[in-house]
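Taken together, the values in this text are just the output of simple stated rules run on the coordinates, not laboratory data. Given the structure is predicted, the values throughout are model-derived calculations rather than measurements. Here Cβ is always computed from backbone atoms with ideal geometry, including for glycine, and neighbour counts include all displayed protein chains.
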Amino acid sequence: MTKKLNKYIFTLIITLLANGMLLAAPENKKEEIKTIRTERNYIRKGNEMYNAKRYADAEVEYRKALQENKDSEIGMYNLATALIRQAAPNDDPNDKKSPISQARTLLNDLTSIGKNTSLMSKAFYNLGNMDFNKEDYGKSIEMYKSALRLNPNDEQARQNLRLAQKKQQQQQQQNKDNKDQDKQQDKDKQQNQDKQDKKDQDKKDQDKQQQPQNNNQQNKEDKKEKQEPQQATGSPDNSEQILNAVQDNEKGTQQKINAARAKEQENERRRTKNQW
């Protein structure tokens, strides 16, 4: 009970002092204090929404905080985290209106103009995660290293750095293997083409060698066709011998006919003579 009473008295004193300072401060100072108070209220509401996983509502509150104070590093960082939570895996990082693109812009601005080293370290860490998810392990390694320079005790950044370095080695090895495979495929393709070219050339050479033989065979066949009519008609010498043989046969036949005719006439004369 005493602790609660002391806490209440302490809070009351602080409130009275703050109100007294507010009353005693100049108008511009009053406005600044009011802006800071409003900014913190928006951030506090945004954090409540964020913890409830109502990231879109948290985004609204963080934007209100930045309207009150455009240089609010907490507002910039918290808004970036709310946007990251709303990003989809297929979001286009080149689309400036996409949540992931807006978050990257806020984090980059924070790493450039920020004064809070703790928030800057977290900003580098989140940028490293973005690059890691894009499989840009080289950039993610640089982001994690920057985070560790600002906060050497960030074990999560150190673990992610080791994982990114391992992934980079695997990626480089895979790229090398793919390049070697492409070279081997090109080599195999060239060898196959060379074999096909040699096969085509061998076929052409074979066709050229066979062509004279075919021509000779055709010439022989043409000569054979020309010789066959000569054999059918016979040579000039054979024709003369055949003609002489025919003429000899005709002479013999004629002689026989003449002899038969003379004999017939002789008989006729005898018959006539007897009759007379």
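Between Asp186 and Gln67, what is the spin-label point distance in nm, taking each point 7 Å from the Cα along the Cα→C-beta axis?
5.9 nm
Please find the FRET efficiency linking Lys199 to Gln171, where r is the Cβ-Cβ separation and R0 is fixed at 45 Å, and quote it to the nearest 0.05.
The value I calculate is 0.60.
Less than 12 Å Cβ to Cβ from Asn192, Lys/Arg counted +1 and Asp/Glu -1: what total charge do the surrounding residues give?
Net charge around Asn192: +1.
Going 7 Å from the Cα of Lys179 along its beta-carbon direction, which residues of region 104-147 have the amide nitrogen within less than 19 Å of the resulting point?
Inside the label zone: 136-139.
Using a simple spin-label model with points 7 Å from Cα along the Cα→Cβ vector, what separation in nm is obtained for Lys208 and Asn153?
For the pair Lys208/Asn153, the computed spacing is 8.7 nm.
How big is Rg to Rh over region 36-178, alpha-carbon atoms, Rh as the Kirkwood inverse-mean-distance radius?
The Rg/Rh ratio comes out at 1.03.
Just the Kirkwood number for region 87-147, please: inverse of mean 1/r across all distinct Cα pairs, in Å, one decimal.
One decimal place: 11.7 Å for the Kirkwood radius.
For labels at Lys263 and Arg37 in the simple 7 Å Cα→Cβ model, what's the distance in nm?
17.8 nm
Sort 87-96, 74-83 by packing, meaning the average of other beta carbons within 10 Å per residue, with the highest value first.
Packing proxy ranking, top to bottom: 74-83, 87-96.
Between Ser118 and Gln255, 0.36 nm times their residue separation minus their Cα-Cα distance comes to what?
Between Ser118 and Gln255, full extension yields 34.0 nm more.
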